[in-house]
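Novice: Submitted below is the structure of interest, expressed as structure tokens.
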Amino acid sequence: MRKTLPPRKLAIYGGMLLGFAMLESPMIMVANKVDPMVMGVPFLFVWNLGWWAFLTGLFLVAYLTNWGSGSVPATQRNR
């Protein structure tokens, strides 16, 4: 039997893969430019900070929704 993932887990996993791919893949060479300055900061720094903030927010959402646990926490069980 095949186990299916809920849509929320798929979205979190997809967001993680996208964020890590944009930070660690050769795609970063697209952002490796000094010429377009954003508020006086080179675009590469803004690119890295933006994806870092995206991943940090995504991990916060993942933590708050208890996405990695296979069981329901004790505080949310029906009594």
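Novice: Collect residues whose amide H, placed 1.01 Å from N in the peptide plane, falls under 5 Å from the amide H of Trp67; neighbours closer than 5 in sequence don't count.
Specialist: none
Novice: Just to be sure I understand the model, the point goes 7 Å from the Cα along the line to the Cβ. What's the resulting Met29 to Leu17 distance in nm?
Specialist: Using points 7 Å along Cα→Cβ, the separation is 2.3 nm.
Novice: Another question, if that's okay. Using Cβ contacts closer than 10 Å as the measure, can you line up Thr4, Thr65 from fewest to most?
Specialist: Final ranking by Cβ density, sparse to dense: Thr4, Thr65.
Novice: Take each of the peptides 19-27, 36-44, average the number of other beta-carbon atoms within 10 Å over its residues, and list them starting from the highest.
Specialist: Numbers: 19-27: 13.2, 36-44: 11.3.
In descending order of packing, they fall as 19-27, 36-44.
Coordinate-derived values only; no laboratory data. Owing to the predicted nature of the structure, the values given are computational and were not obtained by experimental measurement. So basically every Cβ, Gly included, is an ideal-geometry build from the backbone, and we count neighbours across all protein chains shown.
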